[in-house]
There are 2 protein chains.
Amino acid sequence: MNPELSLRRNAVDHDPALQDIGAQIAQARRSAGLTQEQVANLAGITRPRFRDIEKGIAAARTSTLLNIARAVGLEVMLIPQSLMPAVRALLQQSDDDDQPAFVAEPDEGPDAGMG
Amino acid sequence: MNPELSLRRNAVDHDPALQDIGAQIAQARRSAGLTQEQVANLAGITRPRFRDIEKGIAAARTSTLLNIARAVGLEVMLIPQSLMPAVRALLQQSDDDDQPAFVAEPDEGPDAGMG
DNA sequence: TGAATATGATCTGTAAACGGATCATCGCTA
DNA sequence: TAGCGATGATCCGTTTACAGATCATATTCA
(Lines give C-alpha, C1' and ligand atoms only; values in the text may rest on other atoms or scores of the structure.)
Protein backbone atom coordinates (compact mmCIF):
# COMPACT_ATOMS: atom_id res chain seq x y z
CA MET A 1 0.00 0.00 0.00
CA ASN A 2 0.84 3.63 -0.31
CA PRO A 3 3.08 3.32 -3.31
CA GLU A 4 4.36 6.88 -2.73
CA LEU A 5 6.05 5.73 0.44
CA SER A 6 7.61 2.70 -1.16
CA LEU A 7 11.37 2.62 -1.60
CA ARG A 8 10.95 0.48 -4.66
CA ARG A 9 12.15 1.89 -7.98
CA ASN A 10 9.25 1.86 -10.40
CA ALA A 11 9.60 1.70 -14.14
CA VAL A 12 8.44 5.32 -14.26
CA ASP A 13 11.09 6.49 -11.83
CA HIS A 14 13.82 7.46 -14.31
CA ASP A 15 17.16 8.35 -12.86
CA PRO A 16 18.28 11.76 -14.19
CA ALA A 17 21.91 10.59 -14.23
CA LEU A 18 20.94 7.76 -16.56
CA GLN A 19 19.08 10.18 -18.79
CA ASP A 20 22.16 12.39 -18.87
CA ILE A 21 24.37 9.50 -19.96
CA GLY A 22 21.81 8.51 -22.56
CA ALA A 23 21.74 12.06 -23.89
CA GLN A 24 25.54 12.12 -24.17
CA ILE A 25 25.45 8.83 -26.06
CA ALA A 26 22.72 10.09 -28.39
CA GLN A 27 24.64 13.26 -29.15
CA ALA A 28 27.86 11.36 -29.81
CA ARG A 29 25.98 8.91 -32.01
CA ARG A 30 24.54 11.72 -34.16
CA SER A 31 27.94 13.38 -34.34
CA ALA A 32 29.33 10.09 -35.60
CA GLY A 33 26.53 9.85 -38.18
CA LEU A 34 25.36 6.47 -36.93
CA THR A 35 21.83 5.09 -36.57
CA GLN A 36 20.50 3.42 -33.43
CA GLU A 37 20.60 0.09 -35.21
CA GLN A 38 24.22 0.53 -36.26
CA VAL A 39 25.37 1.38 -32.76
CA ALA A 40 23.28 -1.45 -31.30
CA ASN A 41 24.97 -3.91 -33.67
CA LEU A 42 28.41 -2.53 -32.90
CA ALA A 43 27.70 -2.81 -29.18
CA GLY A 44 26.31 -6.33 -29.49
CA ILE A 45 22.75 -5.55 -28.36
CA THR A 46 19.41 -5.10 -30.09
CA ARG A 47 17.94 -1.79 -31.20
CA PRO A 48 15.02 -1.75 -28.72
CA ARG A 49 17.51 -2.26 -25.91
CA PHE A 50 19.80 0.48 -27.15
CA ARG A 51 16.84 2.81 -27.48
CA ASP A 52 15.93 2.23 -23.81
CA ILE A 53 19.50 2.98 -22.80
CA GLU A 54 19.68 6.13 -24.91
CA LYS A 55 16.37 7.29 -23.41
CA GLY A 56 17.61 6.65 -19.89
CA ILE A 57 14.81 4.13 -19.34
CA ALA A 58 17.13 1.17 -18.76
CA ALA A 59 20.42 0.97 -16.86
CA ALA A 60 22.80 -0.93 -19.13
CA ARG A 61 25.39 -3.27 -17.67
CA THR A 62 28.85 -1.81 -17.38
CA SER A 63 30.14 -4.09 -20.13
CA THR A 64 27.34 -2.93 -22.42
CA LEU A 65 28.01 0.70 -21.56
CA LEU A 66 31.67 0.25 -22.48
CA ASN A 67 30.74 -1.27 -25.85
CA ILE A 68 28.25 1.48 -26.62
CA ALA A 69 30.64 4.26 -25.64
CA ARG A 70 33.37 2.89 -27.89
CA ALA A 71 30.91 2.45 -30.76
CA VAL A 72 30.09 6.18 -30.73
CA GLY A 73 33.67 7.38 -30.19
CA LEU A 74 33.57 7.79 -26.43
CA GLU A 75 35.32 6.11 -23.52
CA VAL A 76 34.11 5.45 -19.99
CA MET A 77 36.53 6.91 -17.47
CA LEU A 78 36.52 7.04 -13.68
CA ILE A 79 37.69 10.51 -12.68
CA PRO A 80 38.49 11.67 -9.14
CA GLN A 81 35.81 14.13 -8.11
CA SER A 82 38.47 16.69 -7.29
CA LEU A 83 39.63 16.69 -10.91
CA MET A 84 36.21 17.04 -12.49
CA PRO A 85 36.44 20.84 -12.99
CA ALA A 86 39.73 20.45 -14.84
CA VAL A 87 38.34 17.68 -17.03
CA ARG A 88 35.18 19.66 -17.72
CA ALA A 89 37.32 22.62 -18.74
CA LEU A 90 39.21 20.36 -21.12
CA LEU A 91 35.99 19.11 -22.71
CA GLN A 92 34.55 22.61 -22.93
CA GLN A 93 37.68 23.93 -24.59
CA SER A 94 37.69 21.28 -27.30
CA ASP A 95 33.96 21.84 -27.86
CA ASP A 96 34.71 25.48 -28.53
CA ASP A 97 37.30 24.78 -31.23
CA ASP A 98 35.04 22.16 -32.75
CA GLN A 99 32.58 24.68 -34.06
CA PRO A 100 33.23 28.07 -35.64
CA ALA A 101 31.26 30.99 -34.22
CA PHE A 102 28.66 30.72 -36.96
CA VAL A 103 27.84 27.79 -39.22
CA ALA A 104 27.80 27.98 -43.00
CA GLU A 105 24.28 27.14 -44.23
CA PRO A 106 24.38 24.98 -47.35
CA ASP A 107 21.13 25.93 -49.06
CA GLU A 108 20.00 29.44 -48.20
CA GLY A 109 20.34 32.73 -49.97
CA PRO A 110 22.76 35.35 -48.69
CA ASP A 111 19.93 37.41 -47.17
CA ALA A 112 18.25 34.46 -45.40
CA GLY A 113 20.28 34.54 -42.20
CA MET A 114 20.01 36.72 -39.11
CA GLY A 115 17.04 38.66 -40.40
CA MET B 1 34.24 -27.39 -30.29
CA ASN B 2 37.36 -25.25 -30.30
CA PRO B 3 36.29 -22.94 -27.50
CA GLU B 4 38.74 -20.31 -28.75
CA LEU B 5 36.59 -19.86 -31.82
CA SER B 6 33.37 -19.47 -29.89
CA LEU B 7 31.83 -16.02 -29.74
CA ARG B 8 29.96 -16.89 -26.59
CA ARG B 9 30.91 -15.10 -23.38
CA ASN B 10 31.19 -17.64 -20.59
CA ALA B 11 30.92 -16.87 -16.92
CA VAL B 12 34.64 -17.62 -16.69
CA ASP B 13 35.48 -15.26 -19.52
CA HIS B 14 36.13 -12.14 -17.44
CA ASP B 15 36.32 -8.95 -19.41
CA PRO B 16 39.66 -7.23 -18.70
CA ALA B 17 37.97 -3.84 -18.98
CA LEU B 18 35.65 -4.82 -16.14
CA GLN B 19 38.61 -5.97 -14.07
CA ASP B 20 40.31 -2.66 -14.76
CA ILE B 21 37.29 -0.71 -13.56
CA GLY B 22 37.07 -2.93 -10.50
CA ALA B 23 40.74 -2.32 -9.74
CA GLN B 24 40.26 1.44 -10.01
CA ILE B 25 37.31 1.23 -7.63
CA ALA B 26 39.27 -0.90 -5.18
CA GLN B 27 42.18 1.51 -5.19
CA ALA B 28 39.92 4.52 -4.70
CA ARG B 29 38.12 2.70 -1.90
CA ARG B 30 41.38 2.01 -0.05
CA SER B 31 42.51 5.59 -0.60
CA ALA B 32 39.25 6.72 0.96
CA GLY B 33 39.80 4.38 3.90
CA LEU B 34 36.51 2.57 3.38
CA THR B 35 35.66 -1.12 3.75
CA GLN B 36 33.79 -3.13 1.13
CA GLU B 37 30.76 -3.19 3.38
CA GLN B 38 30.77 0.59 3.83
CA VAL B 39 30.94 1.24 0.11
CA ALA B 40 28.29 -1.39 -0.57
CA ASN B 41 25.95 0.31 1.90
CA LEU B 42 26.66 3.75 0.44
CA ALA B 43 25.99 2.41 -3.04
CA GLY B 44 22.82 0.65 -1.98
CA ILE B 45 23.97 -2.91 -2.73
CA THR B 46 25.15 -5.86 -0.65
CA ARG B 47 28.75 -6.66 0.13
CA PRO B 48 28.91 -9.92 -1.88
CA ARG B 49 27.65 -8.00 -4.90
CA PHE B 50 30.16 -5.22 -4.45
CA ARG B 51 32.92 -7.76 -4.08
CA ASP B 52 31.99 -9.32 -7.44
CA ILE B 53 32.05 -5.89 -9.06
CA GLU B 54 35.40 -4.96 -7.52
CA LYS B 55 36.84 -8.28 -8.70
CA GLY B 56 35.51 -7.72 -12.21
CA ILE B 57 33.42 -10.89 -11.97
CA ALA B 58 30.08 -9.10 -12.39
CA ALA B 59 29.13 -6.23 -14.69
CA ALA B 60 27.24 -3.77 -12.49
CA ARG B 61 24.34 -1.81 -13.90
CA THR B 62 25.17 1.72 -14.91
CA SER B 63 23.11 3.12 -12.03
CA THR B 64 25.02 0.90 -9.58
CA LEU B 65 28.34 1.91 -11.11
CA LEU B 66 27.45 5.58 -10.65
CA ASN B 67 26.56 5.02 -6.98
CA ILE B 68 29.76 3.06 -6.31
CA ALA B 69 31.96 5.62 -8.05
CA ARG B 70 30.54 8.47 -6.01
CA ALA B 71 30.87 6.47 -2.80
CA VAL B 72 34.64 6.15 -3.30
CA GLY B 73 35.19 9.72 -4.52
CA LEU B 74 35.10 9.06 -8.24
CA GLU B 75 32.79 10.09 -11.06
CA VAL B 76 31.83 8.23 -14.25
CA MET B 77 32.53 10.39 -17.28
CA LEU B 78 32.13 9.79 -21.00
CA ILE B 79 35.20 11.22 -22.70
CA PRO B 80 35.71 11.60 -26.46
CA GLN B 81 38.39 9.13 -27.50
CA SER B 82 40.38 11.93 -29.10
CA LEU B 83 40.70 13.63 -25.70
CA MET B 84 41.80 10.60 -23.76
CA PRO B 85 45.53 11.41 -23.91
CA ALA B 86 44.90 14.87 -22.50
CA VAL B 87 42.72 13.50 -19.71
CA ARG B 88 45.24 10.78 -18.91
CA ALA B 89 47.95 13.43 -18.71
CA LEU B 90 45.78 15.36 -16.29
CA LEU B 91 45.28 12.30 -14.09
CA GLN B 92 48.97 11.41 -14.25
CA GLN B 93 49.99 14.94 -13.29
CA SER B 94 47.77 15.01 -10.22
CA ASP B 95 49.04 11.58 -9.24
CA ASP B 96 52.57 12.96 -9.31
CA ASP B 97 51.56 15.87 -7.09
CA ASP B 98 50.06 13.46 -4.62
CA GLN B 99 53.44 12.06 -3.76
CA PRO B 100 56.68 14.04 -3.35
CA ALA B 101 59.64 12.93 -5.46
CA PHE B 102 60.99 10.87 -2.57
CA VAL B 103 59.15 9.71 0.48
CA ALA B 104 60.32 10.57 3.95
CA GLU B 105 61.20 7.33 5.70
CA PRO B 106 60.10 7.36 9.31
CA ASP B 107 62.83 5.19 10.77
CA GLU B 108 66.16 5.80 9.05
CA GLY B 109 69.18 7.82 9.98
CA PRO B 110 70.17 11.00 8.11
CA ASP B 111 72.91 9.16 6.20
CA ALA B 112 70.69 6.34 5.00
CA GLY B 113 69.45 8.00 1.80
CA MET B 114 71.04 8.33 -1.64
CA GLY B 115 74.10 6.44 -0.56
C1' DT C 1 1.08 8.67 -53.95
C1' DG C 2 3.98 4.86 -52.28
C1' DA C 3 8.51 2.76 -50.87
C1' DA C 4 12.41 3.03 -47.89
C1' DT C 5 14.55 4.41 -43.66
C1' DA C 6 14.88 5.81 -38.75
C1' DT C 7 12.79 5.85 -34.57
C1' DG C 8 9.08 4.83 -30.87
C1' DA C 9 6.91 1.23 -28.47
C1' DT C 10 5.20 -3.29 -26.65
C1' DC C 11 5.21 -8.30 -26.17
C1' DT C 12 7.35 -13.19 -24.47
C1' DG C 13 11.43 -15.68 -22.70
C1' DT C 14 16.04 -16.02 -20.88
C1' DA C 15 20.38 -14.70 -18.59
C1' DA C 16 22.43 -12.19 -15.15
C1' DA C 17 22.57 -8.47 -11.60
C1' DC C 18 20.50 -7.95 -7.56
C1' DG C 19 19.03 -9.07 -2.05
C1' DG C 20 19.74 -11.86 1.90
C1' DA C 21 21.76 -15.49 4.43
C1' DT C 22 25.50 -18.32 5.53
C1' DC C 23 30.22 -20.19 6.23
C1' DA C 24 35.41 -19.97 5.66
C1' DT C 25 39.84 -17.63 5.81
C1' DC C 26 43.12 -14.15 6.84
C1' DG C 27 45.30 -10.55 9.77
C1' DC C 28 45.45 -8.24 13.89
C1' DT C 29 45.34 -7.65 18.94
C1' DA C 30 44.49 -8.78 23.82
C1' DT D 1 45.09 -19.00 22.68
C1' DA D 2 40.66 -16.61 21.68
C1' DG D 3 38.26 -12.92 19.66
C1' DC D 4 37.18 -9.51 16.10
C1' DG D 5 36.97 -7.16 11.81
C1' DA D 6 37.68 -7.47 6.76
C1' DT D 7 37.43 -10.20 2.91
C1' DG D 8 36.48 -14.54 -0.02
C1' DA D 9 32.95 -17.46 -1.48
C1' DT D 10 28.49 -20.02 -2.29
C1' DC D 11 23.52 -20.75 -1.86
C1' DC D 12 18.42 -19.47 -3.32
C1' DG D 13 14.84 -16.23 -4.72
C1' DT D 14 13.60 -11.78 -7.10
C1' DT D 15 14.26 -8.10 -10.40
C1' DT D 16 15.66 -6.54 -14.70
C1' DA D 17 18.78 -6.08 -18.67
C1' DC D 18 18.96 -8.71 -22.40
C1' DA D 19 17.27 -11.33 -27.29
C1' DG D 20 13.95 -11.50 -30.78
C1' DA D 21 9.74 -10.46 -32.97
C1' DT D 22 6.26 -7.36 -34.12
C1' DC D 23 3.63 -3.07 -35.11
C1' DA D 24 3.16 2.10 -35.31
C1' DT D 25 4.80 6.70 -36.53
C1' DA D 26 7.31 10.13 -38.78
C1' DT D 27 10.45 11.67 -42.51
C1' DT D 28 12.45 11.61 -46.88
C1' DC D 29 12.42 10.80 -51.67
C1' DA D 30 11.00 8.86 -56.21
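A compact table of results
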| item | result |
| --- | --- |
| Of the criteria (1) in a helix (DSSP H, G or I); (2) without any contact (Cβ under 8 Å) to a residue 40 or more places away in the chain, which one residue B:33 fails | (1) |
| Meets criteria (away from chain B (no Cβ under 11 Å), within 12 Å of DNA strand C (Cβ to nearest atom) and crowded, with 18+ Cβ neighbours inside 10 Å) for residue A:37 | no |
| Test result for residue B:71, modelled with pLDDT of 95 or more and either surrounded by fewer than 16 Cβ atoms within 10 Å (Cβ to Cβ) or within 10 Å of another protein chain (Cβ to nearest Cβ) (or both) | no |
| Filter result for residue A:46 (more than 19 Å from residue B:60 (Cα to Cα), within 11 Å of DNA strand C (Cβ to nearest atom) and among the hydroxyl-bearing types (Ser, Thr, Tyr)) | yes |
| Scan of segment B:36-53 for residues that are assigned to a helix (DSSP H, G or I) and within 15 Å of residue B:72 (Cα to Cα), ordered by number | B:36, B:37, B:38, B:39, B:40, B:41, B:42, B:43, B:47, B:50, B:51, B:53 |
| Subset of segment A:14-24 (residues that are assigned to a helix (DSSP H, G or I) and either of a type outside the set (A, V, I, L, M, F, W, C) or facing another protein chain (nearest Cβ under 7 Å) (or both)) | A:16, A:17, A:18, A:19, A:20, A:21, A:22, A:24 |
| Pairs where the first residue, in segment B:60-79, is more than 18 Å from residue B:34 (Cβ to Cβ) and the second is assigned to a loop (DSSP other than H, G, I, E, B), C-beta under 6 Å, 6+ apart | B:61/A:59; B:62/A:59; B:62/A:60; B:63/A:15; B:63/A:59 |
| Residue in segment A:50-65 that is farthest from DNA strand C (Cβ to nearest atom), counting only those that are under 13 Å from residue B:61 (Cβ atoms) and not hydrophobic (A, V, I, L, M, F, W, C) | A:56 |
| In segment A:54-76, residue farthest from DNA strand D (Cβ to nearest atom) [restricted to those that are part of a helix (DSSP H, G or I) and more than 11 Å from residue A:29 (Cβ to Cβ)] | A:70 |
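Yes/no matrix, rows are residues, columns are (1) modelled with pLDDT of 95 or more; (2) away from DNA strand C (no atom under 14 Å from the Cβ):
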residue: A:18; (1), (2): yes, no
residue: A:67; (1), (2): yes, no
residue: A:76; (1), (2): yes, yes
residue: A:101; (1), (2): no, yes
residue: A:106; (1), (2): no, yes
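The values are calculated or read from the model by the stated rules, or taken from the named source; none is laboratory data. Quick caveat: nothing in here was measured; it's all calculated off a predicted structure. Methodologically, a virtual Cβ is constructed for each residue, glycine included, from the backbone with ideal geometry; neighbour enumeration extends over all protein chains shown.
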